[in-house]
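Please read the structure below before turning to the comments.
What follows is calculated from the coordinates using simple rules that are stated; it is not laboratory data. None of the values given here were measured: they were computed from a predicted structure. All Cβ positions, even for glycine, are placed from backbone atoms using ideal geometry, and neighbour counts span all protein chains on display.
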Amino acid sequence: MAEREWVRCPVCGSKTRLQIRADTELKKFPLYCPKCRRESLIDAKNLQVTVIKRLEEKMQR
């Protein structure tokens with residue numbers, strides 16, 4: 001079975017709803033954190049996650 005790991009939020013550090021395997025590659029993936037309600041663009045390769053940019057928080061009415 002392939003090694004898997006939870007992707008953690010780069011802002012608050014909590015687990016997101018996304019798991020990646022060792023052979024997963026993501027480029028410019030919009031990662032959403034349900035706890036802090038923020039989005040970040042990430043790259044992932046070999047279970048290493050790199051933050052590209054933190055997206056602005058959406059305006060709430």
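Summary of values
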quantity: Lysine pairs with alpha-carbon atoms under 15 Å apart, the chain, spacing 8 or more or separate chains; calculated: 6
quantity: Label point at E3 placed 7 Å out along Cα→Cβ; residues across segment 12-28 whose backbone nitrogen lies under 15 Å; calculated: 20-25
quantity: Average Cα contact separation per residue, the chain, under 8 Å, 6 or more apart, as relative contact order %; calculated: 26 percent
quantity: Options (1) 28, 15, 10; (2) 33, 10, 6; (3) 22, 12, 8 - which one matches semi-axes √(5λ) of the Cα gyration tensor in Å as calculated here; calculated: (3)
quantity: Net charge of neighbours whose Cβ lies under 11 Å from the Cβ of I52, counting Lys and Arg as +1 and Asp and Glu as -1; calculated: +3
